[in-house]
Amino acid sequence: MTFNPYRRSTSSINNYYTSGTTGSEPNMREELISFFDGTHPEIPKATIGLLRKMRRDTNGLTIPCSCVDIVTREPDKDRWCPICFGEGYIWDEIEVQYYSITIGRDVSQATREKLSIPGLINVPFVVFYIRYDVPITKQDKIVKVALDLEGDPAIPRKRDSIYRVVHTWGYRSDNGKLEYWKIFTSEEHTKYLDVPTYVSG
């Protein structure tokens with residue numbers, strides 16, 4: 001059931017979900033799931049992607065990959081590492097649903113200024129909306145994958161772009177209950193998103 005703000009009716013029917021034991025606010029968790037999965041007459045609007053989660057040790061610190069130089073403490077960006085793909089840290093990827101929008105100067109002033117050698121440049125944010133039960137932190141990244149004509153992940157799977165988390169904003173209501181994540185990100189240009197074509201096996 002979706003609330004229609006343009007509904008012209010004098011009926012006393014409550015068009016909102018009841019969230020919790022009292023109150024008349026819509027259940028934002030259910031609304032987001034319906035928006036993602038599609039509830040008649042709506043169609044599914046979510047896109048399938050990957051969440052790249054960094055592994056952590058017992059102290060909660062990210063685990064460096066073996067390709068990281070012991071002196072510079074940086075990975076070799078020019079050579080492909082079959083373990084971390086040049087990330088520099090050990091990670092795992094899980095499949096997630098998301099809905100994304102790009103915020104640029106043409107639609108708002110929500111741009112991030114980045115200092116580069118020539119001067120300041122505008123870097124547009126990409127905002128991802130993700131379910132409340134997805135464990136995401138600022139150290140993780142979101143990966144878009146190539147889709148087929150029906151909007152399903154293409155087979156074989158191919159990573160299309162990767163986004164670094166700039167800010168995580170958890171929308172809360174009903175006594176602090178987490179309803180969904182709003183993730184502000186910026187695209188990260190990486191040389192190796194997938195296995196290079198010249199690498200066999």
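Just to be sure before I move on: is Asn4 at pLDDT below 85 and surrounded by 12 or more Cβ atoms within 10 Å (Cβ to Cβ) in the structure I sent? Explain how you work it out, then say what you get.
Values: at pLDDT below 85: yes; surrounded by 12 or more Cβ atoms within 10 Å (Cβ to Cβ): no.
Considered against the rule, which asks whether it is at pLDDT below 85 and surrounded by 12 or more Cβ atoms within 10 Å (Cβ to Cβ), Asn4 comes out as no.
Hey, could you check the stretch 174-189 for residues that are surrounded by fewer than 16 Cβ atoms within 10 Å (Cβ to Cβ) and of a type in the set (S, T, N, Q) and say which is farthest from Arg164 (Cα to Cα)?
Checking each candidate, the answer is Asn175.
Filter the stretch 148-188 down to residues that are of a type outside the set (Lys, Arg) and over 16 Å from the mean Cα position of the chain (by Cα), then give me how many there are.
Step one: of the stretch 148-188, the residues of a type outside the set (Lys, Arg) are 148-156, 160-163, 165-171, 173-176, 178-181, 183-188.
Next cut, over 16 Å from the mean Cα position of the chain (by Cα) only: 148-152, 154-156, 173-176, 178.
Of the residues in that region, 13 qualify.
Considering only the stretch 58-74, state which residues are under 24 Å from the mean Cα position of the chain (by Cα) and surrounded by 10 or more Cβ atoms within 10 Å (Cβ to Cβ). Step through it out loud before you land on a result.
Step one: filter the stretch 58-74 for residues under 24 Å from the mean Cα position of the chain (by Cα), giving 60-65.
Residues satisfying the conditions are Leu61, Thr62, Ile63, Pro64, Cys65.
Are any residues in the stretch 30-51 part of a loop (DSSP other than H, G, I, E, B) and more than 15 Å from the chain's Cα centre (by Cα), and if so, which ones?
Gly38, Thr39, His40, Pro41, Glu42, Ile43, Pro44, listed by residue number.
Just to be sure, is Ser161 closer than 13 Å to Val126 by Cβ and either surrounded by 11 or more Cβ atoms within 10 Å (Cβ to Cβ) or not acidic (Asp, Glu) (or both)? Before you say what the answer is, go through the steps one by one.
On the way: closer than 13 Å to Val126 by Cβ: yes; either surrounded by 11 or more Cβ atoms within 10 Å (Cβ to Cβ) or not acidic (Asp, Glu) (or both): yes.
Against the criterion (closer than 13 Å to Val126 by Cβ and either surrounded by 11 or more Cβ atoms within 10 Å (Cβ to Cβ) or not acidic (Asp, Glu) (or both)), Ser161 qualifies.
Would you confirm whether or not the stretch 155-178 contains a residue that is outside any loop (DSSP other than H, G, I, E, B), within 13 Å of Ser100 (Cβ to Cβ), of a type in the set (Gly, Ala, Ser) and out of contact with any Pro (no Cβ under 7 Å at 6 or more places or on another chain)?
Among the residues of the stretch 155-178, at least one is outside any loop (DSSP other than H, G, I, E, B), within 13 Å of Ser100 (Cβ to Cβ), of a type in the set (Gly, Ala, Ser) and out of contact with any Pro (no Cβ under 7 Å at 6 or more places or on another chain), which makes the answer yes.
Limited to the stretch 89-112, what total is found for residues that are modelled with pLDDT under 90 and either touching a strand residue (DSSP E or B) at 6+ places or on another chain (Cβ under 8 Å) or among the acidic types (Asp, Glu) (or both)?
The qualifying residues number 9.
The values are calculated or read from the model by the stated rules, or taken from the named source; none is laboratory data. It should be emphasised that the depicted structure is a prediction, and the values quoted were computed from it without experimental measurement. Using ideal geometry, Cβ is built from the backbone for each residue, glycine included, and neighbour counts are taken over all protein chains shown.
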